[in-house]
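A short write-up of the structure that comes next.
Laboratory data are not the source of any read-out in this text; all were calculated from the coordinates shown. Because the structure is predicted, anything quoted here is derived from the model rather than measured. A quick note on method: Cβ atoms are made from the backbone with ideal geometry, for glycine too, and the neighbour counts reach across all protein chains shown.
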Amino acid sequence: MNLDPRIAEVTDRVRARSSAARSAYLDRIRRAGEAGPARAHLACGNQAHAYAAMGEDKAALAAGRAPNIGIVTAYNDMLSAHQPYERYPDMIRAAARRVGATAQVAGGVPAMCDGVTQGQPGMELSLFSRDVIALAAGVAMSHNTFDAAVYLGICDKIVPGLVIAAATFGHVPAVFIPAGPMTSGLPNDQKAKVRQQFAAGEVGRDKLMEAEMASYHGPGTCTFYGTANTNQMLMEFMGLHLPGASFVNPGTPLRDALTVAGVERAAAITALGNDYRPAGEILDERAFVNGIVGLMATGGSTNLVLHLPAMARAAGIILDLDDFADLSETVPLMAKVYPNGLADVNHFHAAGGLGFMIGELLDAGLLHGDARTVAGDGLDRYRREPKLIEGRLVWQDGAGKTLNDRILRPAKDPFQSTGGLRQLVGNLGRGVMKVSAVAPEHRVVEAPARVFHDQADVRAAFQRGEFTSDTVVVVRFQGPKANGMPELHSLTPTLAVLQDRGLKVALVTDGRMSGASGKVPAAIHVSPEAADAGPLARLRDGDRVRVDAARGTIDVLEPDFDARPAATADLSGNKVGIGRELFEAFRRNVGPATEGAAVVV
């Protein structure tokens, strides 16, 4: 199938915009690749330090002829998704030995759980943790003794941070190894209902805790389609996973077989062999366009509108919100997974999953089928699904059709003809909305504004019964420079209650929402942010605001708006406590949301 002309147009635009930066990047990583890892050139003392604890692998490491794989791990057991990684290093080392290679844990990176920090001060460190992860992975890889790297990470900021590091060390082949989603627990819609009942005072904390524990109940990613599972989709669409690896449950024989196969592939694509696949060459404009196509087709997390530009810049690729907007207009929404449906990712996977979706998008000309991947040239092999047959891992053709059209549909018969995200532009700035979960009748809201500087004040106003008419709730001074751009997901149950009462309600903020942004229209990432004297800082209570996802606009309808002075906020409380003191340099130097809200790229 020929490439859709609109996909080609966006790709050509990205390629032209990125020409200088990409050329400089490729020149840099090619020079690094030609120099090779320094292992063979290290002084004996340097090498002795590197190999001292490696036991049976010492001789192979000292000889310097076997591929050495660096393991960068985000293991901790605070994140259910990352708990399975505890036993991966031993599995990886054993798999490497069987193919004549060696493997070492190069370093660990922090991995915070946004589910724990939602609505808490720690959430103000969440976005910046992406840059810390990139820096920590950079330290791990700086030993320059690795022929390839395997990256163990899944959740919200972890995968983007690791991709930034993999791109920075772009001369080193990189394979991302997932751990899979937890098995299905309490259905997500039932959990959301209990949250709304608690917000409305209809049930107590005991019922809320019971529902939450029944939903988040074991190892693996949370099963809704939030940022963690969107990350896994991206790694497959962008060719950094093995085909079909994303959504196989932890602790299963197939999961372990895929992990072993990922190690074998990492050993096979080093510069020591005949199939050298440096990460920086895989991460080209085709890969990033393919990733955005996947984001739109699945109705994925709004957080990736921040992460993808930051990831791309690390590889010399410059993305703009217009690219997301144009691809969203071109790509059909093919999946309904909670919060834009009742199914979870296990149901999605069983219905045909990413293999079916990639095949459909390839046949429709909506993906770059010639993109390079860790599995080989071309995305076509990502149509296939992995299976264990008599203990041997093989890839076979998938069903070739959806097995549940309430969850997954063909590209020619989608849930809607456009993707799951919309860019919003107007006199309040530029923002984005996840529309896949918002019913059409709620996508346009024009109402007086209530302006807040703290999400806790919104909940307090709700508890006092102050929201009795249509309202655009504005929560400003939540951008990256103000307080690290926390997610405001804890507002979702409150706003959903108002909407269920029949009110027209929308959220406008320079902060973020969770990757599980739900049924309330939320104009987020609004830039320039209020702390940069952006237009949001001139809003007042009672101003008439129109949020129009149908037309892609976000405007205040007041004639004197442009002439007003910008409000300021006392942000001193956001600078101390729970580690926030350590991140002042990040707040001072962070870029705008439209460029990924990045510090290190």
Placed amide H near residue 148: partners under 5 Å, 5+ positions off or other chain: 68, 70
Expressed in nm to one decimal, what extension gain is obtained for the pair residue 500 and residue 139 from 0.36 nm per residue of sequence separation less their Cα-Cα distance? 125.0 nm
The FRET efficiency for residue 216 and residue 544, from their Cβ-Cβ distance with R0 = 41 Å and rounded to 0.05, is 0.50
Phi-based couplings in Hz for segment 535-543 (Karplus 6.51, -1.76, 1.60; Gly and Pro marked x): x, 4, 5, 9, 6, 10, 3, x, 4
Between residue 105 and residue 91, what is the label-point separation in nm under the 7 Å Cα-to-beta-carbon projection? 1.5 nm
Under the 0.36 nm per residue contour assumption, what length would be gained going from the current alpha-carbon distance of residue 76 and residue 21 to full extension? 16.2 nm
Go through 157/575; 193/504; 207/504; 336/412; 193/412 and tell me which ones have a Cα-Cα distance over 25 Å in this structure. 207/504; 193/412
Using helices alone, I'd like the mean residue ellipticity at 222 nm for the chain: each DSSP H run of four-plus residues gives -39500 (n - 2.57), total over residue count, nearest 500. -11000 deg cm²/dmol
For the chain, whose charge dipole is built from +1 on Lys and Arg Cβ atoms and -1 on Asp and Glu Cβ atoms, the candidate among 43, 391, 462 with its Cα farthest towards the positive end is 43
Just to check I understand the Karplus step: with θ = phi - 60° and J = 6.51 cos²θ - 1.76 cosθ + 1.60, what whole-Hz values come out for segment 410-421, glycine and proline as x? x, 4, 7, 9, x, 5, 8, 6, 10, x, x, 10
Stretch residue 582-residue 44 to full length: gain in nm at 0.36 nm per residue minus the Cα-Cα span? 189.9 nm
Percent antiparallel among DSSP beta bridges (both partners in the chain, rounded to 5): 45 percent
Amide proton proximity set for residue 103, modelled H, under 5 Å, gap of 5+: 69
If every Lys and Arg gets +1 and every Asp and Glu gets -1 at its Cβ, then about the Cα centre the chain yields a dipole, in debye to the nearest 20, of 560 debye
If you take the alpha carbon radius of gyration of the chain and divide it by 2.2 N^0.38 Å, what ratio comes out, to two decimals? 0.95
Mind listing the long-range amide H neighbours of residue 435? Cut-off is under 5 Å, sequence gap 5 or more, other chains count too, H placed in the peptide plane at 1.01 Å from N. 421, 422
Normalised by the number of residues in segment 532-601, what is the relative contact order in percent for Cα pairs under 8 Å and 6+ residues apart? 22 percent
Based on the alpha-carbon gyration tensor of segment 476-559 and its eigenvalue square roots a ≥ b ≥ c, which shape applies: rounded if a/c is under 1.5, prolate if not and a/b is larger than b/c, or oblate? oblate
Taking every DSSP beta bridge that has both residues in segment 421-595, what percent is antiparallel when rounded to the nearest 5? 55 percent
Longest principal axis of the chain (C-alpha) makes with the long axis of helix 126-141 (C-alpha) an angle, in degrees to the nearest 10, of 10 degrees
C-alpha long axis of helix 188-199 to longest principal axis of the chain, angle in °: 40 degrees
Per-residue HN-Hα couplings for segment 290-298, Karplus 6.51 cos²θ - 1.76 cosθ + 1.60 at θ = phi - 60°, whole Hz, x for Gly and Pro? 4, x, 5, 4, x, 4, 6, 5, 9
For segment 421-595, place one equal point scatterer on every Cα, skip the solvent, and apply the Debye formula. What is log10 of I(q)/I(0) at q = 0.17 Å⁻¹? -1.03
For the chain, what is the relative contact order in percent, using Cα pairs closer than 8 Å and at least 6 residues apart in sequence? 15 percent
